[in-house]
Each structure stands twice: as structure tokens, then as C-alpha cells.
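Single-structure report; data block below.
The values are calculated or read from the model by the stated rules, or taken from the named source; none is laboratory data. Predicted model only: the values in this text are computed from it and were never measured. Reconstructed Cβ throughout: ideal geometry from the backbone, glycine too, with neighbour counts over all protein chains shown. Note: accessible area is taken over every heavy atom of the protein model, side chains too, but ligands, DNA and RNA are not part of it. Shrake-Rupley method; radii C 1.70, N 1.55, O 1.52, S 1.80 Å.
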Amino acid sequence: MSQTYDLILKDGIVINQDGTGQRDIGIMNGTISAIGNLAQAHAGKIVDCRGLHVLPGVIDSQVHFREPGLTHKEDLETGSRAAVLGGVTAVFEMPNTNPLTTSAETLADKVSRGHHRMHCDFAFWVGGTHENANDIPELERLPGAAGIKVFMGSSTGSLLVEDDPGVAAILAKTRRRAAFHAEDEYRLEERKSLRVKGDPNSHIIWRDVTTALQCTQRLVAIARKQRAAIHVLHVSTGEEMAFLAAHKDVASIEVTPHHLTLDASLYNSLGTKLQMNPPVREASHRTRIWAGLEQGLVDVLGSDHAPHTLEEKAKTYPDTPSGMTGVQTLVPIMLDHVQAGRLSLERFVDLTSAGPARIFQIARKGRIAEGYDADFTIVDLKRHQTIKDEWIASRCGWTPYDGKSVTGWPIGTIVRGHQVMWEGEVITPSQGEAVRFIQAL
């Protein structure tokens, strides 16, 4: 008797632990049930994936969706809509909202807001502070918690732990891998006078290489002393990459599409739309970040999606916020790099699914295997498309890549067996749920 499934993905080129090849995938109750030739099987729905690549669902472990408190820029629904339109099946959202996500109550509020309202699955970073350090063993194990995130340098919002004793107190309590924005706040304060009114080019002078490297060096020393695992977010300098190569036993590394794609020469055309923390730097740093990626140093690719309105960006530097959209463009921008030969499709999969699952200990996600959640990013590697502001679903409605032509495009997004997006349309009501973690089960 032939097997019956809820959904079959038919004849796609599947990337999984067994390699790359044309296979069918059978899905039951939101879970992968079979991989192989399912020509004799039946299903409630069959999706023709011939000519398309079926990847494990892309996980973006650094986004800012601004809810609660800053929903004029973004909210959990609009941010997650942008995610699934871009082929992203799960996101980890950051704690610098208003109120800050620093307690069991504020975390539970976000989980409640996201449940079956977000289009993708989700987890929320909990902000580490001087005040909640003793609560971290409980906070990092709560449902929906991605772990602890610490800002050692000021960015959007008021979360800040700039001092070594404060960081040490937090890492002394963590058991999961803690994430860090590593820019030296003391140096940033000392160098504020280097910002030139009306000139966003001065952003990289103010937030210079030493500001990032010095903080990362301090962080690694503290982590070693506390015997803690750390995750260094959005590495932006060649110097950091070289330093972290000797410390991979304690530190995992994230890089972003904008640091791999853009460079400081674009400040003249993009102005404050290019303004990020840490900054987009000279092309030489981009080259060295790519070299680190090629050497296997990089563990994760995160978008650092950080939307602000065009009105806010139109103010005069330095009275302009740092941040740009990124969750919707992560897949097409990086597939374009794949097509250009800068990285393999298998390495892209490792950076966006297997890597996050490995370092954050995500349960049942990150690979196409029996018993795993049926999360898939389905892409057409040959599709030529131009990224436009009009395509961006984020509430702020713009991208620094407006007008950029790419090869490689997300065709479908499937989350736990639900066909959420297909050919540029969200076709299923939002059913996002909290990601589960092995260390918190």
C-alpha cells in the first residue's frame, strides 16, 4: 500500500547531509517523514519543485523587529512578512525594544505577540544587564529565549554593559552561548568629536577599527576567564577576523551581507542609508572578511535587519539612526554571491541553517532530515531579478540595494509544512511559533 503524506515536494534538487541531488520530500504533521523517490506516494498537496533547489529553512539569528515601542518603524507581523518573502523561515529578534526585553515578563509578552501572528518561527534574545545578571540562569532557559545578548557599545536603544566587571558578571551566569555587540563604549565617547555634521563618511572615523578590535579582545579575555561561550555579532574588520582565528574554542563569528557586499565608497551615494553600527568600512575590510569566511572561520550569516523610516534617515548626520533593512534581501544577495563563485551553495546552507542550529543548539531545525521540522527555502538559482524598494515588505519600505540586479531568488518559503510564501506572495495565514532549543528543553 502506498504511503500518504500531507505534502510532497516533488523533484527538487535537495541540499542535505547526504549531498546534493534530485529527491522528493514527504511531510506529515509539519515534520519531514521521507526523502527519496516518492513516485508511488499520495499527498493532500504536491508542489512541483523541478528545476528548483530545496534548501533547509534559512534562519536569520539577528533581526530587529522593533515591537513593542517602536512600531512606526516595524512590528513583528511586518518584519516576519518581509522574512518569509525573502525565504527566511525563522528569526531571532533583538532585545532593544521599548520596554527592553530583559525579564521573564517582557520575554513572555513578545512570545505571546509573535504566536500565530508572525509568519515565520521565532525566538527572542534577552538583554543582559547589570541588574538582571543573577537571573540569567532562569532567563536563558525560558520558552522562546534565544539566549542572552549584550551591547558593549551603544547603538539603537538604551541597553549597554560597557564595563568588564559587568560583562564578567553576566558570563559567569550563562550556560548557553551569549551574543555580543562588541564596540568599545569608552573609545566611542572619547571620539565623538570626530563626527562631522552632515558627513556620514565620518561614521567610520568615529567608530574605527580599534573601537571594534579593542572591545572584541576584552570580550574574549573575559570569556576565557569565565569559561563561557560567546558569539561575536556582525564582525566588520579584518583585524577582528585575524584575532578571532586564534580563539575559535570560545568564540563563534557572525558576518552580515552588508559587510560582505557594500563598502565605504557608497557613503557618497547612499548617505545615511549606509549608516550601521558597526560601520560598513573600506573595501579592504570586506576582502578580509571574505577571506575569513573562505577559511571556515565564520559560523553564521545574520542580516542585522534594523529598519528606520526614511524621514529618520533624512535627518542630518550624526542625528541619524544607524540601521538598514536586511532580512528580505539576505537570500537573494547571498545567492548572487553564490552565482558569482564567491561561495558554494553548500557553504551558504551551512551559514544559514546548519551553522545556527549547531552553535545555538536549535532543536529539530537546520537540516533536511527525517524527524526534523519541515522548514524549507526553495530557490531558483537562475532567476534574474532586480531588487527594488517597492518589493520591501518592511514598514519602512526601503533597501540600500534598490536597483541592484541579482541572479538567484527565493521562490518558496515553507515553515513546519505550511507553504507560507510562493512566487512572491504570502499565501497562508500567519502560523509562526517559538523555536525550541536543546539546552532549554
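Brief remarks follow.
- In this entry, segment 320-376 is assigned a mean projected area of 5.6 nm², taken as a quarter of its C-alpha convex hull surface.
- Of all accessible heavy-atom area on segment 310-441, the percent that carbon and sulfur account for (1.4 Å): 45
- Share, in percent, of DSSP beta bridges within the chain that are antiparallel, nearest 5: 50
- Report note on the peptides 356-362, 367-373: ranked by the mean count of other C-beta atoms within 10 Å, highest first, their order is 356-362, 367-373.
- Under-5 Å amide H pairs with residue 418, H placed in peptide plane, nonlocal only: none
- Candidates 153, 30, 341, ranked by Gaussian network fluctuation over the chain, Cα under 10 Å, top entry: 341
- Segment 212-256: translational diffusion in µm²/s, Stokes-Einstein, Kirkwood Rh over Cα pairs, 20 °C, 1.002 mPa s: 207
- Entry note, the chain: relative contact order of 21 percent, from Cα contacts under 8 Å with a spacing of 6+ residues.
- Sparsely packed GluC sites (Glu not before Pro) within segment 374-441, loop by DSSP, other Cβ within 10 Å at most 13: 423
- Pairwise Cα inverse-distance average, inverted: Kirkwood Rh of the chain (Å): 21.7
- As a fraction of the 1.4 Å probe accessible area of segment 136-268, surface on carbon and sulfur atoms comes out at 52 percent.
- Dmax and Rg, reported as Rg then Dmax, of segment 58-124 (C-alpha, Å): 10.8, 31
- Counting charges near residue 251 (Lys, Arg +1; Asp, Glu -1) among other residues having Cβ under 14 Å from its Cβ returns a value of +2.
- With a cut-off of 10 Å between beta carbons, the residues surrounding residue 336 carry a summed charge of +2, where Lys and Arg count +1 and Asp and Glu -1.
- For segment 12-149, the spread of Cα coordinates along the three principal axes comes to 59, 33, 24 Å, biggest extent given first.
- C-alpha long axis of helix 283-294 to longest principal axis of the chain, angle in °: 50
- Calculated on the alpha-carbon coordinates, the convex hull of segment 323-440 measures out at 133 cubic angstrom per residue.
- Taking amide H as placed 1.01 Å from N in the peptide plane, the amide H of residue 183 sits under 5 Å from that of 152, 153, each at least 5 places away or on another chain.
- Largest GNM mean-square fluctuation across 414, 427, 392, computed for the chain with C-alpha springs under 10 Å, falls on 427.
- The long axis of helix 76-85 is offset from the longest Cα principal axis of the chain by roughly 60 degrees.
- Among beta bridges that DSSP assigns inside segment 27-137, antiparallel share in %, nearest 5: 20
- Helical mean residue ellipticity (222 nm; -39500 (n - 2.57) per DSSP H run of 4+; nearest 500) of the chain: -7000 deg cm²/dmol
- Positive contributions from Lys and Arg (+1) and negative ones from Asp and Glu (-1), summed over other residues with Cβ under 10 Å from the Cβ of residue 35, come out at -2.
- Residue-normalised accessible area of segment 309-441, expressed per residue, 1.4 Å probe, Å²: 38
- Shown for segment 151-210 is the translational diffusion coefficient from the Stokes-Einstein equation, using the Kirkwood radius over Cα pairs, a temperature of 37 °C and a viscosity of 0.692 mPa s: 252 µm²/s.
- Largest-first ellipsoid semi-axes for segment 251-369, taking √(5λ) over the Cα gyration tensor eigenvalues, angstrom: 28, 17, 12
- Working note: Cα gyration tensor of segment 129-231, eigenvalues times five, square-rooted, sorted largest first, giving semi-axes of 28, 14, 11 Å.
- Per residue, in Å², the accessible surface of segment 46-127 once ligands and nucleic acids are set aside, probe 1.4 Å: 25
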